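The values are calculated or read from the model by the stated rules, or taken from the named source; none is laboratory data. All values derive from a computational prediction rather than experimental measurement. In this analysis, Cβ positions are derived from the backbone assuming ideal geometry, glycine residues included, and neighbour counts consider all displayed protein chains.
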Amino acid sequence: MRIAYDVTPLSHPRTGVGTYILGTLAGMAQASRGEHELVAFGPVSVRGRSVLDAAIAGLPVERRNVTVPFAHAVRRTWSRAAKPPAERFVGRFDALHFTDWMYPPQRAGVRATMVHDLGPLKFPERLHPRTVRMHTANARQASRCDVVFTNAEYTAADIVETLSIPRERIRVAHPGVDEAFVPEGERHAARRPYAFTTATGDWRKNLATLRAAWPQLEDELALVSLEGLGYVPHEQLPPLYRGAEVFIYPSRFEGFGMPVVEAMACGVPTVVSSHPSLDEAAGDAAVRADPDSPDELAAAVREAIARRDELVPRGLAHSRRFSWLETGRIHLQGYADAL
């Protein structure tokens, strides 16, 4: 197969979506063993082009990225105009996989996309209107796809219920864990023991409730958050996980929750929101707590530290279930099944 794969989100500083795209692309390359052609494509800005090129450097993929001014506007205009077809830029392909940044037209071949979660459709009042419009348009496009990938069974059920897409057209491809996330290695240097969280001020990520819990814990632990540190490149996350006494993920809603398994893979006991969207990421290896209860979060932190000897081995075993190679295999099989 020749697969055209949209990599435009990698033209921005990497978030969970970018990590998933990069991991999937690497996993497909590894799984295909040269049998399939992978084409990374997308219109990106002048500044974003260097970020994108650095992200996919070393991957055995053909590059068909176009540098354009006002890249966001170009992507949306191309999607709405439904012309010219993607074949004009990337040549013939057997499958085209687009992201939630655009939905380019195509003449032929399998049409595929990824739905990470339906948060923008379920909580539109919590997000910027432009974000809601973009994700709503792409969710509608998903209903026209031959195959829709998602990262969790929870989200697959949500897609069936909310978008009325038949379950047989959906493939669940859990995220993998990068090889850098291991217990051995550099640890973040801190003046005293700390808890680490990737929660932010975003309503869904829920740093506010965690901060409300912290007066009960501040004599025992410092709280280190990404919001306090500023943007942390993906490759600098493992030392932060490893150095922590506990990792806390108080999200109110997720597609999967990749930081949970990253922390487990680094040998850290974890406290995870009790929202069911995090069941697959947490497995039986985390202490769960109501994300809207500061008291429950504080108690869960103490419990996780006390149960460290039990939770760390469980977390390591659980995290080993997730590999980018398997993610890539599921994508390749999904395209093949839809041909």
Neighbours by Cβ (under 9 Å, 6+ apart or cross-chain): first from segment 226-239, at positive phi; second modelled with pLDDT under 90: none
Residue ID - farthest from Ala29 (Cα to Cα), chosen from residues in segment 315-339 that are part of a helix (DSSP H, G or I) and of a type in the set (Gly, Ala, Ser): Gly315
Every residue from segment 12-44 that is of a type in the set (S, T, N, Q) and either at pLDDT 95 or above or under 19 Å from Leu325 (Cβ atoms) (or both): Thr19, Thr24, Gln30, Ser32
Residue in segment 294-314 that is surrounded by the fewest Cβ atoms within 10 Å (Cβ to Cβ), counting only those that are touching a Pro at 6+ places or on another chain (Cβ under 7 Å) and in a helix (DSSP H, G or I): Arg308
Sole residue being in the same structural domain as Thr15 (by TED's automatic domain parsing) and in contact with a helix residue (DSSP H, G or I) (Cβ under 7 Å, 6 or more places away or on another chain), chosen from Ile159, Ile165: Ile165
Any hit, segment 108-130, residues being assigned by TED's automatic domain parsing to the domain that holds Leu22, among the basic types (Lys, Arg) and touching a Pro at 6+ places or on another chain (Cβ under 6 Å): no
Extreme residue, surrounded by the most Cβ atoms within 10 Å (Cβ to Cβ), among residues of segment 248-269 that are of a type outside the set (Lys, Arg) and more than 18 Å from Asp178 (Cα to Cα): Pro250
Meets criteria (hydrophobic (A, V, I, L, M, F, W, C), in contact with a helix residue (DSSP H, G or I) (Cβ under 9 Å, 6 or more places away or on another chain) and surrounded by fewer than 19 Cβ atoms within 10 Å (Cβ to Cβ)) for Val147: no
Every pair of residues 6+ apart whose Cβ atoms lie under 7 Å, when the first sits in segment 30-52 and is more than 16 Å from Asp6 (Cβ to Cβ) while the second is surrounded by 19 or more Cβ atoms within 10 Å (Cβ to Cβ): Gln30/Gly328; Ala31/Gly328; Ala31/Leu332; Ser32/Leu332; His36/Ile3; His36/Leu332
Selected residue [in contact (Cβ under 8 Å) with a residue 60 or more places away in the chain and among the aliphatic types (A, V, I, L, M)] from Ala108, Ala152: Ala152
Glu153 vs. criteria more than 15 Å from the chain's Cα centre (by Cα), over 27 Å from Phe93 (Cα atoms) and either surrounded by fewer than 21 Cβ atoms within 10 Å (Cβ to Cβ) or outside the structural domain of Tyr249 (by TED's automatic domain parsing) (or both): no
Residues that are free of Cβ contacts under 8 Å to residues at least 40 places away in the same chain, out of contact with any Gly (no Cβ under 9 Å at 6 or more places or on another chain) and hydrophobic (A, V, I, L, M, F, W, C), drawn from segment 63-103: Val68, Phe70, Ala73, Val74, Trp78, Ala81, Ala82
Yes/no for Phe247 being under 22 Å from the mean Cα position of the chain (by Cα), at pLDDT 95 or above, not assigned by TED's automatic domain parsing to the domain that holds Arg167 and not in a helix (DSSP H, G or I): yes
Any chance Val61 is over 23 Å from the mean Cα position of the chain (by Cα) and hydrophobic (A, V, I, L, M, F, W, C): no
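Table: residues versus (1) in contact with a strand residue (DSSP E or B) (Cβ under 8 Å, 6 or more places away or on another chain); (2) β-branched (Val, Ile, Thr); (3) under 23 Å from Pro13 (Cβ atoms); (4) surrounded by fewer than 16 Cβ atoms within 10 Å (Cβ to Cβ).
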| residue | (1), (2), (3), (4) |
| --- | --- |
| Gly58 | no, no, yes, yes |
| Val74 | yes, yes, yes, no |
| Arg92 | yes, no, no, yes |
| Gln106 | yes, no, no, no |
| Ala112 | yes, no, no, no |
| Arg130 | no, no, yes, yes |
| Ser143 | no, no, no, yes |
